[in-house]
Ligand code: ZN
C-alpha cells in the first residue's frame, strides 16, 4: 500500500471515528443486538429496520475505539437499503478481508461499496484490533437472526 493511500485511509477512519454516521436508534427499528469486545472495551448496539427482507434503516449506539466506531459507521452506510442477502454477503466478504478467511470467496457484492470498506484493510496487520473492526458486523448478523422486536402493533 502506498503512503498516500495509507494516509487517505487514516483520514477516512478518523473522520468516521470522530463523526459516526447513523448514530442513534431509528424510530421504526424492529431488530437489535448488543455486541461487546472485551479485548478493547468496545460496546455497540446495532438497530435495524427490516421489511420484506430489506434493510430499510440502520443505526447504532455505543462507544469504543476509533476503529470500532469508524467500522460501525461505515457498515451502516453500506447496508442501508440493501437486501438481507446482500448484508450477509458483505459480512462474509468483510470478514475475509479482515481475517484472510475465504467464507465469501467468489461471492459478488456491490464492489464500489465494498471498496469503501477497504479503508479498514490496514487493521489486518494488528490482530488485536481485528475484533474492533468486525464487532459491528457480528452484531449486525446477530440482530438480523434475532427475534423480531415489535415496536409497532399497527401493522
Ligand atoms: Zn477497539
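Any read-out appearing in this document is the output of simple, stated calculations on the displayed coordinates, not a laboratory observation. Note that the structure is a prediction, hence the values are computed from the model and not measured. Neighbour counts are summed over all protein chains in view; Cβ atoms, including those assigned to glycine, are modelled from backbone coordinates with ideal geometry.
Scanning the stretch 6-40 for residues that are touching a helix residue (DSSP H, G or I) at 6+ places or on another chain (Cβ under 9 Å) and assigned to a helix (DSSP H, G or I) gives 6, 8, 9, 10, 11, 12, 13, 14, 15, 16, 17, 18. Residues in the stretch 53-74: is at least one closer than 14 Å to residue 139 by Cβ, touching a strand residue (DSSP E or B) at 6+ places or on another chain (Cβ under 8 Å), away from the ligand (no atom under 16 Å from the Cβ) and not in a strand (DSSP E or B)? Within the stretch 53-74, none of the residues are closer than 14 Å to residue 139 by Cβ, touching a strand residue (DSSP E or B) at 6+ places or on another chain (Cβ under 8 Å), away from the ligand (no atom under 16 Å from the Cβ) and not in a strand (DSSP E or B). Just one of the listed residues (43, 131) is within 13 Å of the ligand (Cβ to nearest atom) and in a helix (DSSP H, G or I), namely 131. Of all residues in the stretch 27-40, those that are more than 16 Å from the ligand (Cβ to nearest atom), under 16 Å from the mean Cα position of the chain (by Cα) and either loosely packed, with under 14 Cβ neighbours inside 10 Å or without any contact (Cβ under 8 Å) to a residue 60 or more places away in the chain (or both) total 0.
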